Amino acid sequence: MSASPTALREPVASASWRPAPPSLLDDLQAFATAIVVVSLGLSLLSGAGLLTGGTPGLAFLLRYATGWPLGVALFVVNLPFYLLAWREMGGRFTLRTLLAVGALSAGVEAVARLIQLQHVQPMYAAIAGGTLIGIGLLVLFRHRASLGGINVLALALQRRFGVRAGAVQMAIDAAIVVAAFAVVDPARVAYSVVGSLCVNAVLLFNHRPGRSPRR
């Protein structure tokens with residue numbers, strides 16, 4: 001019995017098929033893409049006087065409280081987390097994260113000098129900036145890196161004490177939002193919440209464990 005034309009055109013997917021691990025070149029282009037995209041997203045939020053959650057949110061709080069450049073603040077707030085990352089996630093993950101954060105800090109400062117934003121409507125900044133940050137994080141997650149230590153802290157608490165990482169992340173983001181009222185007016189805090197929701201929406205719908213490319 002001959003095979004149908006459709007069967008000949010569609011290869012049989014193997015149950016044990018796994019995608020090949022990314023090469024060094026793959027990682028480099030992913031990091032470059034993520035840095036460009038996240039830098040633009042953070043610059044949009046900064047131009048509208050907004051902030052976001054996670055470690056970048058802490059950097060925004062430090063910037064608004066001290067007047068430091070955002071890139072410097074982003075690098076400084078990550079310093080305490082590198083030892084934790086080394087212990088919990090290994091040297092390779094820590095090195096990638098250190099390089100990504102250092103590159104992002106430089107990228108944010110470069111964007112601030114190359115693009116002068118005279119006016120950014122806050123709602124647009126929240127939606128577009130949050131979406132861009134989410135896309136950049138998605139790229140990094142798929143190459144086993146991140147942009148900060150709060151994710152590592154959440155994973156460490158989950159492993160050691162059984163506290164759900166998502167709950168830890170949510171609690172920290174809520175604390176950042178509460179702290180933001182001390183340095184940002186309530187309307188901009190509300191816009192910032194919208195931006196954080198956009199970040200999480202990108203990750204929620206696109207970063208699902210076990211998802212594999214269609215063959």
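What follows is calculated from the coordinates using simple rules that are stated; it is not laboratory data. Keep in mind that this is a model prediction, so the values were computed, not measured. Using ideal geometry, Cβ is built from the backbone for each residue, glycine included, and neighbour counts are taken over all protein chains shown.
Here is how the numbers come out for the structure above:
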read-out: Paramagnetic label zone (point 7 Å from Cα along Cα-to-C-beta, Asp185; backbone N under 12 Å) in the range 30-66; value: 49
read-out: Kirkwood-based shape ratio for the range 21-81, expressed as Rg/Rh from alpha carbons; value: 1.07
read-out: Pairwise centroid distance, computed over Cα atoms, of the range 27-83 with the range 116-141, Å; value: 12 Å
read-out: Net charge contributed by nearby residues that have their C-beta within less than 12 Å of Val139 (K/R +1, D/E -1); value: 0
